[in-house]
Amino acid sequence: MHASAQHEAGAAQSGAVVSDVMQAIAEHKGCGTSGGSGKASCGSAAGQNDLPTEIWEKVKNHPCYSEEAHHHYARMHVAVAPACNIQCNYCNRKYDCANESRPGVVSEKLTPEQAAKKVLAVASTIPQMTVLGIAGPGDPLANPEKTFKTFELIAKTAPDIKLCLSTNGLTLPDHVDTIAGFNVDHVTITINMVDPEIGAKIYPWVFWKHKRYTGVEAAKLLTDRQLLGLEMLTERGILAKINSVMIPGINDKHLVEVNKAVKSRGAFLHNIMPLISAPEHGTVFGLTGQRGPTAQELKALQDSCEGEMNMMRHCRQCRADAVGLLGEDRSAEFTTDKIMTMEVNYDLDTRKAYQAKVEEERVAKVVAKQEELSTLAGEMSDIKLLVAVATKGSGLINEHFGHAKEFQVYELSTAGAKFVGHRRVDLYCQGGFGDEDNLETVIRAINDCHAVFVAKIGGCPKGDLQKAGIDPVDQYAHEFIEKSAIAWFKAYLDKVNSGEIEHVERGDAEIRQGALISAA
């Protein structure tokens, strides 16, 4: 049966079921879809009090599905899936798909047995590593034997590790039962369009059931299969995150329709990411000069979709072999040569004890935020502004300005501090000396921010930031991010109200191309 007919038949048989199940799941997790804008109340920023126990247990320590968790918990990807069954214009077949990682970032491919050993080695070394994902370097479901063998081995040896996968969705309907059988609670589908005419500009071809499809026909087949797979995941209570690559002039406006389509089929989160299209990556879009979005274009689209469902703002477009917290990569510490000689001691009790300590830190952070938020009660102001934060994790302002490889960005208003994204930057300090050229790129990356919070900063960059209209803030070193940001914002409003300063809007900012990698 052709995909479109197959999809229509499936929809006819299960449409009502999907609707009922979706609403039941939504209500059970505190995310009903009725009333008001229909926006779910349980996105990546949700905390324990927003979700029932069953869903909270699934997301509380998953750094991709919980914005709060990404400050504390680590993930790793294993590159066991080299083959792919579609071609994307933002992907160079020599490398990884750019929507999952910067092209050219898989150091080595692994067998399922090597991957299982690597997971144990990493989990023994990094007790906050809670999630194992398979995201490539091709498509996990175009390599089902390797993918599911890896899951089988890890489930036996490290049962506390959450399993997840990312897929383009072409063969997803064929594997949903197997996914459910392995207790994979989290699946990410990359959906860039629901209109085949737009899809034809993104996907030159797809390969399905021993046949290559091109143009609009290929895109129609792909979108039918993606949406059917999403409905099947929803029916089984599996949390689905949707990744979409924002391609200005091609699908940027259309992603609002994608957002509505995936929400109606039960998607848990929507992650709209910027196109990576640097010419040196050798992709079609890179070679044709297709630009990526600016920081404010991306935020505006995310904001417009947030009225319909919850958005993921903390994605790092990770390498397909990334290891560590989001925003860092420690894969070089765990090469195959190194892990095969490591003596692995997988101590589950030690991991649990460490994670219990992390949960205590999370509670302290939330309490501090709520206490500081109370100081804004009664404030009447329409001012909203962005600030950048240098952090190593744990929700703390604990990174030196010159050592930051990225800045996390928060939107401040009388409602509090809201995480809205991150900005990759080139290191300012190289070998103990500041690089003025790199400082210019840092300023361009956070040019839309009114302030930058750091643990420490030198006099020269501090002066240049001030000249650029960005306030360098170091008085909150090693304190909680949100508590500190709210305190600074309260003081900022007081200065505006007293006439000491005048609030001005900032300009746009650049999104740096390429995935974040560890400094050598």
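The values are calculated or read from the model by the stated rules, or taken from the named source; none is laboratory data. As the structure is a computational prediction, the values presented were derived from the model and not from experiment. For neighbour counting, all protein chains shown are included, and Cβ atoms are generated from backbone atoms with ideal geometry for every residue, glycine included. We work out accessible area using only protein heavy atoms, side chains counted, and drop any ligands, DNA or RNA first. Shrake-Rupley method; radii C 1.70, N 1.55, O 1.52, S 1.80 Å.
For the reader, a short list of remarks on this structure follows.
- In terms of the mean number of neighbouring beta-carbon atoms within 10 Å, the peptides 123-134, 164-175 order highest first as 164-175, 123-134.
- 27 Å Cα-Cα threshold exceeded, pairs from 117/211; 201/241; 118/209; 149/260; 299/392; 162/263: 117/211; 118/209; 149/260
- Per residue, the stretch 382-424 exposes 29 Å² of accessible surface when a 1.4 Å probe is rolled over the protein heavy atoms with every protein chain present.
- Among 113-120, 197-204, the order from most to least packed when residues are scored by Cβ within 10 Å on average: 113-120, 197-204
- Straight-line cross-link partners of residue 495 among the lysines, defined as a Cα under 16 Å from its Cα and at least 8 positions apart when in the same chain: 384.
- Per-peptide average of other Cβ atoms within 10 Å, ordering 477-488, 281-292, 225-236, 353-364 highest first: 225-236, 477-488, 281-292, 353-364
- Overall form of the stretch 168-245 per C-alpha gyration tensor (a/c, 1.5; a/b vs b/c): prolate
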